[in-house]
Amino acid sequence: MRSAEPGQRAGAFISPLMGRLRVATLLLCLAPGGGCKHGPLEPPEADAGFAADAAAPTDGGLSTDAGLGPKPGAWRDGVYYEVFVRSFADSDGDGIGDLRGLIAKLDTLNDGDPSTDRDLGVTGLWLMPIHPSPSYHGYDVTDYQAVRPEYGSQADLEALVAAAHQRGMAVIIDFVLNHSSTAHPWFQASSASPSSPERGYYRWRADDPGWTQPWGAGHVWHPLMGSYYYGIFWSGMPDLNLGNPAVEQKMVEAMRHWLGAGIDGFRVDAARHLFESADGQLSDQAESHALIRRMRSALEASFPQVLLVAEAWTDLATVSTYYGQGDEFNLAFGFDTASALKTAAKDGLRASFNQVLAQAEQTYSDRGFEAPFLSNHDMPRVQRELAGDSGAMRVAAAALFSLPGTPFLYYGEEIGMLGGPATKDEDKRTPMRWTAEEPNHGFTVAGRAPWYAGTEAAGVDVESQRGAPGSLWTLYRDLIRTRRGSPALSHGTASRPAVTGGGRGGAALLRTAGDERVLFLVNFAAQASGPIDVAAGGVPTVLFAEGLSGTPSSSAGQVHLEGLAARGFAFVKLQ
Ligand code: CA
């Protein structure tokens, strides 16, 4: 759920303190002999901080291609793909995407064969809500242990999981823990009578204390039959009373149900809002953290591999609290990072990229890892935010896959879908474009209308771009392949070496795992960078690059580049 003020998301996170820390960091990097080999992005005990280095596969995370399903912690080396099932692929011609449609498209995402090049290479799926719901998006659930009939059956879901695991892909599902639908039988019973056993499944009171949403003026206590119930998002989504042990037990049971069906984990919606204080503090309560700790412990007892991803839409410092002491979420989405990557790509300046990395230096730890991304179903698509600038899109994607953590992309991002022009949410979630064929582009069968109409430019479809030189799809495939082929990029530590030259768009990031070091060099600017020198030792070999002039060389602890074209980048291995 969208749950933060715009100002919290759009680059307003660099406090004066962070600015000073950034200066200190740069001074450290520039100090003679200091380099940044052990730079501040690494936690104090770097090896402990990325302890899974020891346990993780050292072949760059490709173990999941073995067809045996994800190994414990395999998500660390993964690349996840967010799917809105309704908009992905329709198998039965009712205009609504479904699980069978998704299964039929899995080979385009990952065919399980590392030797082929017709698949994107992602290693995980995040399915937006798949449970029965009166809304098209499904974030107001009426049955936490069933599959929405429009999408298929539980057997279809289990078939999807089996097909995904066979290809080395994990499957996580959205879990809307915070609230249900008013149409959920629990709420129906709860609202019918103050004496019903389900009354305490929700929060009721006799009056409206006047609390408003943290991100707006909307009231959160809603009148019904002489009482008021609490629902932070809107009246159709009453918050569950997670302080009631019976509710907690029901939700853990539902999560166990899906793990038992083979699901690998959950993206927990609205994690900041699970609890609220008696005096109207509606975000980030200690009880929310305690609940997640209890749930993780309860789930791991039977399913030690379970992945829990937080949607905590706020600044990075607050997001990092949702890792707890390594006992809450495994991953949390990087909303500041998303803003910073887009700002850097749009403005052609390295500053926001460096700023968000500097901020990460202060907040990353060995407790959890970020899930960096560019945009999701709650935002205008990244291509739209970048005003359709294909160069900006390409450099933003390259930067995304350079970062530590477990990156996520949003269906259609890899072909540059703009989404609809309106601001309504449906325009962020339009049907996937599979072919060039008008009018349905392979989403549904001929003669049937998709559930929602989308319009994109010619060539914005998988068929036109898959494997085509220079296409965005092909770039995403190559970036994912480069990342997965490198332990340093997949799960290594990160530091920022000092950069000399490169103009206002030139930046560098060094990723390290064991003996492997990979330098990411980027020019966000719309002009050529000119020469770039980076304080890093070793002989450079180019793994993958776009717009690189000449051949990188090294001397005296510096890697030298003739330059990067506008929006150019290079992944360079140092040996
Ligand atoms: Ca269908």
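The set of residues from segment 555-575 being open to solvent by less than 60 Å² (accessible area, probe 1.4 Å), out of contact with any strand residue (DSSP E or B) (no Cβ under 6 Å at 6 or more places or on another chain) and at negative phi comprises just one member, Ala566. For Gly459, the test of being more than 18 Å from Ala570 (Cβ to Cβ), touching a residue at least 40 places away in the same chain (Cβ under 8 Å) and surrounded by fewer than 18 Cβ atoms within 10 Å (Cβ to Cβ) is failed. Listed conditions (1) open to solvent by 20 Å² or more (accessible area, probe 1.4 Å); (2) among the aromatic types (Phe, Trp, Tyr); (3) within 20 Å of Gly78 (Cβ to Cβ) are all met by Phe275, apart from (3).
The condition (being among the small types (Gly, Ala, Ser) and not in a loop (DSSP other than H, G, I, E, B)) is satisfied by just one residue among Ser320, Ser283: Ser320. Which of the numbered conditions does Trp126 fail, given that it passes all the others? Conditions: (1) among the hydrophobic types (A, V, I, L, M, F, W, C); (2) in a strand (DSSP E or B); (3) within 16 Å of the ligand (Cβ to nearest atom). With respect to (1) among the hydrophobic types (A, V, I, L, M, F, W, C); (2) in a strand (DSSP E or B); (3) within 16 Å of the ligand (Cβ to nearest atom), Trp126 is out only on (3).
Residue-level analysis places Arg118 outside the set of residues that are touching a helix residue (DSSP H, G or I) at 6+ places or on another chain (Cβ under 8 Å), at pLDDT below 95 and not aromatic (Phe, Trp, Tyr).
Any residue in segment 356-366 that is within 17 Å of the chain's Cα centre (by Cα) and more than 30 Å from Ser471 (Cα to Cα)? Within segment 356-366, one or more residues are within 17 Å of the chain's Cα centre (by Cα) and more than 30 Å from Ser471 (Cα to Cα). For Ala446, are the conditions met, namely being within 16 Å of the ligand (Cβ to nearest atom), without any contact (Cβ under 8 Å) to a residue 24 or more places away in the chain and farther than 20 Å from Asp107 by Cα? When the stated conditions are applied, Ala446 passes them. For segment 75-100, the set of residues classified as more than 20 Å from Gln305 (Cβ to Cβ), assigned to a loop (DSSP other than H, G, I, E, B) and more than 11 Å from the ligand (Cβ to nearest atom) consists of Phe84 only. Hey, could you check segment 224-240 for residues that are surrounded by fewer than 20 Cβ atoms within 10 Å (Cβ to Cβ) and out of contact with any Ser or Thr (no Cβ under 9 Å at 6 or more places or on another chain) and say which is nearest to Ala159 (Cα to Cα)? My answer is Trp234. The strands (runs of 3 or more DSSP E) located wholly in segment 166-261 that include 3 or more residues which are among the hydrophobic types (A, V, I, L, M, F, W, C) occupy 170-175. Residues of segment 331-362 being of a type in the set (Val, Ile, Thr), open to solvent by 20 Å² or more (accessible area, probe 1.4 Å) and modelled with pLDDT under 95, which ones? Scanning segment 331-362 gives no hits.
The values are calculated or read from the model by the stated rules, or taken from the named source; none is laboratory data. Please read these numbers as outputs of a predicted model, since none were measured by experiment. Because the Cβ atoms are built from the backbone with ideal geometry, glycine has one as well, and the counts that use them run over all protein chains shown. Accessible surface is based on the protein model in full, side chains and every heavy atom, while ligands, DNA and RNA are left aside. Shrake-Rupley method; radii C 1.70, N 1.55, O 1.52, S 1.80 Å.
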